[in-house]
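Since the structure comes first, as structure tokens, the remarks are kept for the end.
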Amino acid sequence: MRTTRALAVSAVAVAAVGLAAPAASAWSDPTPSNITATPSVIPRGGELTITVDSTKCQEGGTASSNAFDTTSFTRSTGSTATATARIKHDATPGAHDITVSCGGSTVTKPAAFTVINGGVRGGLGGSTETGATRTDMAIGGGLVAVALVGGGVFWMRRRAENRV
């Protein structure tokens with residue numbers, strides 16, 4: 001009975017070490033991995049930061065895409081490398097891939113970032129390119145006039161009630 005338990009515990013320990021061995025060897029793999037692009041949505045002419053996990057990329061790797069010119073990586077923290085790229089003004093809107101080449105290995109991340117036409121629409125309702133139209137101004141002016149007339153009528157009625 002005791003021998004069976006010891007044998008079962010030993011088999012579980014051997015299986016755990018056997019399963020952990022491939023993961024441990026992957027840590028020292030020089031192949032680029034975990035490619036990230038920040039921001040993920042960017043307008044034309046914007047600046048994109050590319051980060052990759054690889055010690056080989058710190059020694060002269062490059063990143064390329066059809067939306068920006070080829071750029072070189074620089075050492076970051078630990079085993080990561082970063083590169084900065086400026087999006088071309090004539091880049092087509094939509095999703096774009098990033099291809100990273102480091103130490104003889106090439107990895108492509110599909111749809112790593114998205115190029116948009118104008119600026120990012122955010123904040124209180126987004127932004128517009130044209131501004132207020134004549135119709136917008138007329139509606140706004142009419143609302144202000146109605147508020148003034150209504151306030152004047154209310155004030156005159158209150159004033160008349162105080163006299164009686």
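Listing for the model above:
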item	result
Full-stretch length increase - THR84, ALA138 - with 0.36 nm per residue and alpha-carbon distance subtracted	14.7 nm
Net length gained if the chain between THR108 and ALA147 were fully extended (0.36 nm per residue, minus Cα distance)	8.0 nm
Accessible-area value, MET137, 1.4 Å probe, nucleic acids and ligands omitted, Å²	130
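The values are calculated or read from the model by the stated rules, or taken from the named source; none is laboratory data. Values in this document were obtained by computation on a predicted structure and should not be read as measured data. The protein model used for the area step is the full one, side chains on, heavy atoms only, and it has no ligands, DNA or RNA in it. Shrake-Rupley method; radii C 1.70, N 1.55, O 1.52, S 1.80 Å.
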